[in-house]
Amino acid sequence: MDPVKAALNHLLSKALTKPCSAAGNAYSKLVQPIARFQLALDTLLPLLEDKNESIEPTQRILVSFILYSLYAPYPITVNPFKSLLYVTFVQEREKAVAVAKQGGTSVNSNEQLVWVLWKILKGDGNDIGPYTPNTLAQLPLPPSLRATNLIFNEETNHNISVVDDDYTYMYLQNQNGGINGQTSAESADTVTGEGQLSRERSFIDEKAERVAHGMKLLLAARERVLTLTEQRHVQTILPDLASSKMVTSSDLRPLVAYNPTLAYPLIVGLFTTKQSKATENNDSLPSPFLDVLPFLPPTLPTFDLLGRLLRDRTKTDLGSTIADLTRIEVLGRFIHESINWLERAEQDEKQGDVSDDRFAKGVQHLCRFYSTLVKMGIIDPTSDAECTEMMHFCLQYSKFEECTTLYRTLTQARS
């Protein structure tokens with residue numbers, strides 16, 4: 001057996017008495033990011049589906065949470081396993097309702113699994129993280145949380161997609177005698193056709209699958225240079241990735257380092273979607289992604305990225321262009337942080353902690369980048385506010401020809 005699969009089987013057998021969140025973290029540490037999605041498809045999904053009805057609800061509760069936890073930072077609507085979690089919920093709820101009609105209690109049926117799936121699907125999966133699968137499987141449910149009452153509606157499933165809203169509401173209400181006293185046949189008349197609904201659901205599932213595969217490649221792009229084929233595939237779905245809200249600010253730094261050609265169009269997509277709107281914290285920048293850019297290391301990929309952003313006249317949903325947003329919110333702080341980065345690199349070099357030429361190359365690249373910005377008119381060489389720190393930097397490292405040349409350019413502009 002594959003060592004990773006063997007370790008996963010061991011985890012699944014030993015994690016029933018541990019908090020669900022611990023199992024989710026253990027899975028992430030056990031499996032490399034690039035393999036997590038495929039291993040979940042191969043190993044975890046068969047346990048969730050349980051076609052032979054031989055898996056204990058405790059085990060399926062654990063599997064459900066792990067599938068949720070893989071994409072917990074993102075809305076449940078873009079979790080690639082959401083559709084299967086939903087199908088399992090519908091099937092298991094139907095079984096639980098049948099047991100309840102025969103007088104069964106929640107502890108002698110699968111209602112705990114139904115409740116866990118209901119929590120996950122409505123976006124509250126983190127609530128069950130502190131509890132063990134054993135505890136959840138034995139939890140007596142109050143009447144309000146029994147399977148017959150776990151019905152999605154406008155108040156409880158606002159995080160589920162519109163198509164799923166309609167489908168779930170219609171399906172579950174029909175199983176309980178119709179909506180507002182209507183019969184199942186009358187309720188069915190309000191649906192715009194099962195064929196159309198199936199096509200819409202199929203389209204959504206296909207899109208979610210494409211986004212999930214793209215996100216898998218994007219995660220890999222944080223750790224290695226993608227092949228040309230992989231890069232072309234990611235580029236075709238960058239708009240979907242940007243609007244999916246699955247990309248986080250922590251993805252940008254390694255992406256710029258390994259795959260700068262993907263970083264630029266992705267950032268443009270992020271800045272031109274509603275995700276770039278101001279956050280509730282008024283002290284933060286208009287986009288969380290702008291917080292990352294000033295702290296990128298002064299390397300050629302970074303300078304290339306910022307140079308493109310400073311020339312991009314695309315309008316953002318904030319009203320300004322990407323170029324203006326980058327110049328106002330990023331450029332000055334980036335220059336300051338680059339100088340700090342180079343000073344630390346110089347100290348590391350003196351102490352023998354590094355053996356490469358990152359310090360010398362960084363100084364040269366920063367001066368050339370700054371000179372280009374002056375020539376393009378992005379930086380005003382006569383402005384003390386914009387140039388004082390850089391002039392001091394040039395004097396400090398005047399042993400470099402690039403520093404001397406830039407200092408001469410800045411002083412001549414003032415004379």
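The values are calculated or read from the model by the stated rules, or taken from the named source; none is laboratory data. Keep in mind the model is a prediction, meaning the values are calculated, not measured. We place every Cβ from the backbone using ideal geometry, glycine too, and count neighbours over all the protein chains shown. For accessibility, only protein heavy atoms count, side chains too; no ligands or nucleic acids. Shrake-Rupley method; radii C 1.70, N 1.55, O 1.52, S 1.80 Å.
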Trypsin sites (Lys or Arg not before Pro) restricted to DSSP loop in region 288-331 with at most 10 other C-beta within 10 Å: R313
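Summing Lys, Arg as +1 and Asp, Glu as -1, what charge do residues with Cβ under 13 Å from the Cβ of V114 carry, V114 excluded? Intermediate values should be presented prior to the final figure.
Details: positive: R60, R93, K95, K119, K122, R146; negative: E92, E94, E111.
Around V114, the charge tally is +3.
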Under the 0.36 nm per residue contour assumption, what length would be gained going from the current alpha-carbon distance of Q235 and L45 to full extension? 65.5 nm
S21 - accessible surface, heavy atoms, 1.4 Å probe, Å² rounded to 10: 50
At a 1.4 Å probe radius, carbon and sulfur cover how many percent of the accessible area of region 1-89? 55
Rank-order 342-348, 236-242 by packing density, defined as the average count of other C-beta atoms within 10 Å over each peptide's residues, highest first. 236-242, 342-348
Below 12 angstrom from the Cβ of E401, what's the summed charge of the other residues (Lys, Arg +1; Asp, Glu -1)? +2
Got a sec to turn the phi values of region 341-350 into Karplus ³J(HN,Hα) couplings, 6.51 cos²θ - 1.76 cosθ + 1.60 with θ = phi - 60°, whole Hz, x for Gly and Pro? 4, 5, 5, 5, 5, 5, 5, 4, 5, 5
Full-stretch length increase - A72, R368 - with 0.36 nm per residue and alpha-carbon distance subtracted: 102.3 nm
Given a 1.4 angstrom probe, what's the average accessible area per residue across region 31-143, in square angstrom? 41
